[in-house]
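What follows draws every value from the coordinates through simple rules; no lab data is involved. All values derive from a computational prediction rather than experimental measurement. Cβ placement follows ideal geometry from the backbone for every residue including glycine, while neighbour counts extend to all protein chains displayed.
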Amino acid sequence: MNPDTALNVHLNEPLAIGLSWHNRFAQLGPDFLTALPPQPLPAPYWVGRSAAVARELGLDAAWMASDELLNALSGNRALAGTQPLASVYSGHQFGVWAGQLGDGRALLLGETAGGLEVQLKGAGRTPYSRGGDGRAVLRSSIREFLCSEAMHGLGVPTSRALCVTGSDAPIYREEAETAAVVTRVAPSFIRFGHFEHFAYRNQLPQLQQLADYVIDRYYPACRTTDQFNGNPYAALLQAVSERTAKMVAHWQAVGFCHGVMNTDNMSILGLTIDYGPFQFLDGFDPAHICNHSDTQGRYAYQQQPNIAYWNLFCLGQALLPLIEEQELALAALESYKTAFPAALQDRMRAKLGLKEAVPGDLALIEAVLKLLAQDKVDYTIFWRRLSHWVADGQTEPVRDLFLNRPGLDAWLLQYSELLTHVNKGLAFDLMLKTNPKFVLRNHLGEQAIRAAKLKDFSGVHTLLALLEDPFAEHPGFESYADFPPDWASSIEISCSS
């Protein structure tokens, strides 16, 4: 297809793909959004597609190979029944109030009958682009596509990604790059920043309208709670706090660094959203900073739990006009302080093969994390090798990871004693389902991106297949589970995308 043809496809009749669309968010009204179509992307091509997400949407597999859908998901043709819109929100960025933000390059197409919202990221300028071009580049789009599905494969609450489409249209960041669009899927893309927007503007009717919409659609139990004197808005804050706590606990357990936990990047549903300068840990370093733009280390790995609470406090401040009593808001936030450690302890126990608490388990977890940090041991490889050690007793593969082998030997002895209280076969099975063999390491993503820039998308396809099922062995793909090469440490990922 030549560029002129691609640019004019959007003038055709809307494409019907067999999905029933509506958009409950659009019904909130013009104070919350701006309706506008996506901007055409010249001569698009497929980069990556998720058959699993297509099935989740109820989309026939044949559409995922069609030029018609390719153009529709690149902004060149309308999808019948959709109502594209950009939403407005505000937020704190790196701890500083940034004022009005909004969907500067993302358009919500609509909501399927199954309750999933579909959004195009990189679909062009909106009223909230703040001088930007509204586009996304190929490298960041591939990273988001793969990591969305990788996190889902790990069981972490997350937005999903249906596909990435690319174009040779030039996009300028630090250097000239090419454009891409990610089709994102989630039950909702509402963020903490949506609430902050109306609270800081003292638009209390709109704030209440938004809160009522979220409660009635996603948290209906908040209407009937006996807690907080029956205050549904305090109950909402508690529910969001608990979901956020469980999400961040899962991040910490799998060694995931988000990199830019601004309040406008925090989901009201406790989903991982807005994949930018993320990273899965290689060597275990609690102080690791994955975002090259984060010069102060605000979003370092070990800071993520506290930052999540800070963001929830901002949400609490935004909801305070509805909650009305500060004591109720603080009590709702307090749930995070119990939900997070409980969730993290459960996940770390599972990494040791424990379905429930046993005497000495928390001390054992704390001790092994200190050993891992001391030698900066590869986090993913350690836990996978430890899993196999439980089954076969082969100590050397685990010992080879450490410089402090006497320290490890002493720890393994303690762990062996703890395992006498459980069924080792069941422990091994739980560990293999908890400690992945494959994660989306930076160097793997970088290799796939370099090939994709040359129109070779095989690396994207291979990684997707592995990351969709990260706990399986996948014989023949051991190199994808190996140590990162030396050059991986020089990869710099920033907020630029």
Sequence-separation-based contact order of the chain, relative, with Cα cut under 8 Å and 6+ spacing, percent: 14 percent
Cα-based helix-to-principal-axis angle, 204-218 vs the chain, degrees rounded to 10: 60 degrees
Dipole of the chain, positive end: most advanced residue of 465, 318, 234 [Cβ charges, Cα centre]: 318
On Cα atoms only, tilt of 232-254 relative to the major axis of the chain in degrees: 50 degrees
Unmatched cysteines, the chain - criterion: no other Cβ of a Cys under 4.7 angstrom: 147, 163, 222, 314, 495
Folded to 0 to 90 degrees: helix 361-375 orientation relative to the chain principal axis, Cα: 80 degrees
Set 121/376; 121/246; 121/351 screened for pairs whose C-alpha atoms are more than 31 Å apart: 121/376; 121/351
Top positive-direction residue, dipole computed over the chain with Cβ charges, set 413, 329, 20: 20
Cα principal axis extents for the chain, largest first, Å: 69, 59, 41
Residues of segment 100-121 with amide N under 14 Å of a point placed 7 Å along Cα→Cβ from residue 20: 111-116
Segment 354-432, dipole about Cα centre (Lys/Arg Cβ +1, Asp/Glu Cβ -1), debye to the nearest 20: 100 debye
Rotationally averaged projected area of segment 273-351 (alpha carbon convex hull; nm²): 6.9 nm²
Cα-based Rg and Dmax for segment 354-432, where Dmax is the largest Cα-Cα distance (Å): 11.9, 31
Positive-pole candidate from 283, 159, 340, dipole of the chain, charges at beta carbon: 159
Inter-label distance for residue 56 and residue 203, nm, one decimal - labels placed 7 Å from Cα along Cα-to-Cβ: 3.0 nm
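When a/c is below 1.5 the answer is rounded, else prolate if a/b is larger than b/c, else oblate, so apply that to segment 141-258 with a ≥ b ≥ c taken from the square roots of the Cα gyration tensor eigenvalues.
prolate
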Inter-label distance for residue 472 and residue 66, nm, one decimal - labels placed 7 Å from Cα along Cα-to-Cβ: 2.8 nm
Label-point separation in nm, residue 492 to residue 27, each point 7 Å along Cα→Cβ: 4.9 nm
Point-charge dipole on Cβ atoms (K/R +1, D/E -1) for segment 384-497, about Cα centre, debye to 20: 180 debye
Estimated [θ] at 222 nm from DSSP helical runs (n ≥ 4, -39500 (n - 2.57)) normalised by residues in the chain, nearest 500: -13500 deg cm²/dmol
Computed over segment 193-350: relative contact order in percent, which uses C-alpha pairs under 8 Å that are six or more apart: 30 percent
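Using the Cα centre as the reference, give the magnitude of the dipole from point charges on the C-beta atoms of the chain (Lys, Arg: +1; Asp, Glu: -1; all else neutral), rounded to the nearest 20 debye.
Dipole magnitude for the chain comes out near 180 debye.
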